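Colleague: Okay, handing you the structure first.
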Amino acid sequence: MPPLDLEQVIKPLHQDLETRPERDLLAPGSDWNLSQTLQHCAQTVRYSVTGYPALKPALYRATVGRLAKQVFLRRGAMKHPLGAEIDGAPPLDPALPVSDAAADLSDAVALFTGHTGGHATHPAYGDCTHDEFARLHAMHLADHLPGLSRS
């Protein structure tokens with residue numbers, strides 16, 4: 001299976017939001033509604049460019065986090081706790097309209113894809129290349145939103 005591509009994962013989002021029920025898009029047992037999930041995904045994509053609010057200790061990033069990143073990249077898929085908020089990030093707003101959350105995620109992806117400089121250190125994985133971040137973001141979206149159409 002070819003690696004997930006961030007732009008290909010995000011491409012069907014707006015169409016799916018118009019045609020499919022929320023429960024069909026979210027991972028089973030998700031702790032958040034669709035708006036919160038999209039907000040969370042937008043936060044992490046944006047923070048990979050602007051900087052994450054908090055990092056795990058350097059030893060964690062150099063050992064456990066690095067190993068997790070390597071496993072995810074090798075497998076081409078990720079599994080993680082779906083209710084884990086980003087440390088230090090603003091709280092997710094359950095009442096934010098899904099259309100606003102989706103627009104914010106699209107904006108975050110555009111910021112990321114247009115970014116040509118270095119990236120912020122990931123709180124768990126440590127330093128990542130643009131390609132690694134793109135693949136990790138795509139896997140993260142796919143883990144939270146397995147019901148998105150794959151174009």
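The values are calculated or read from the model by the stated rules, or taken from the named source; none is laboratory data. From a predicted model like this one, the values you see are computed outputs, not experimental measurements. Here the Cβ positions follow ideal geometry from the backbone for every residue, glycine too, while neighbour counts run over all protein chains shown. Note: areas computed on protein heavy atoms with side chains; ligands, DNA, RNA excluded. Shrake-Rupley method; radii C 1.70, N 1.55, O 1.52, S 1.80 Å.
Colleague: Scanning the chain for trypsin sites (Lys or Arg not before Pro) in DSSP loops with at most 13 other Cβ atoms within 10 Å, what's the longest stretch left with none?
Modeller: Longest run free of exposed loop sites: 1-78.
Colleague: Of the peptides 98-107, 50-59, how do they stack up when ordered by the mean number of other Cβ atoms within 10 Å, highest first? Don't skip to the end; give the middle numbers.
Modeller: Details: 98-107: 17.3, 50-59: 13.0.
Packing proxy ranking, top to bottom: 98-107, 50-59.
Colleague: Let me ask something additional. Taking amide H positions as placed 1.01 Å from N in the peptide plane, with prolines and chain starts having none, which residues 5 or more places from His122, or on another chain, fall under 5 Å of its amide H?
Modeller: Result for His122 returns Asp127, Cys128.
Colleague: Quickly estimate the mean residue ellipticity at 222 nm for the chain, helices only: each DSSP H run with n ≥ 4 gives -39500 (n - 2.57), and the total goes over all residues, rounded to 500.
Modeller: Values: 7 runs with 75 residues, N = 151.
It lands at -15000 deg cm²/dmol.
Colleague: Identify which of Phe72, Phe112, Phe133 has the largest mean-square fluctuation in a Gaussian network model of the chain, with springs joining Cα atoms closer than 10 Å.
Modeller: Phe72
Colleague: Further question on the same structure: Using θ = phi - 60° and the Karplus curve 6.51 cos²θ - 1.76 cosθ + 1.60, what whole-Hz ³J(HN,Hα) does each residue of segment 44-49 get, with Gly and Pro shown as x?
Modeller: For segment 44-49, the Karplus curve yields 5, 5, 5, 5, 5, 9 Hz.
Colleague: What lysines sit close enough to Lys69 to cross-link, taking a C-alpha to C-alpha distance under 18 Å and skipping anything fewer than 8 places away on the same chain?
Modeller: Leaving aside lysines fewer than 8 places away in the same chain, those within reach of Lys69 are Lys56, Lys79.
Colleague: By how many degrees, between 0 and 90 and to the nearest 10, does the Cα long axis of helix 98-114 differ from the longest principal axis of the chain?
Modeller: With rounding to tens, the tilt is 40 degrees.
Colleague: Here's something else I'd like to know. Using only the alpha carbons, work out the radius of gyration and Dmax of segment 1-42 in angstrom.
Modeller: According to the Cα coordinates of segment 1-42, Rg and Dmax are 11.3, 29 Å.
Colleague: Separate question: Given a 1.4 Å probe and every protein chain left where it sits, what share in percent of the accessible area of segment 1-54 is carbon and sulfur?
Modeller: Working: 1320 of 2760 Å².
Looking at segment 1-54 in its full context, I get 48 percent from C and S.
Colleague: Remind me, what semi-axes does segment 45-129 give for its equivalent ellipsoid, largest first in whole Å, using sqrt of 5 times each Cα gyration tensor eigenvalue?
Modeller: Listed largest to smallest, the semi-axes of segment 45-129 are 23, 16, 14 Å.
Colleague: Let me know the Rg and Dmax you get for the chain when you use only its Cα atoms, in Å.
Modeller: 14.6, 45
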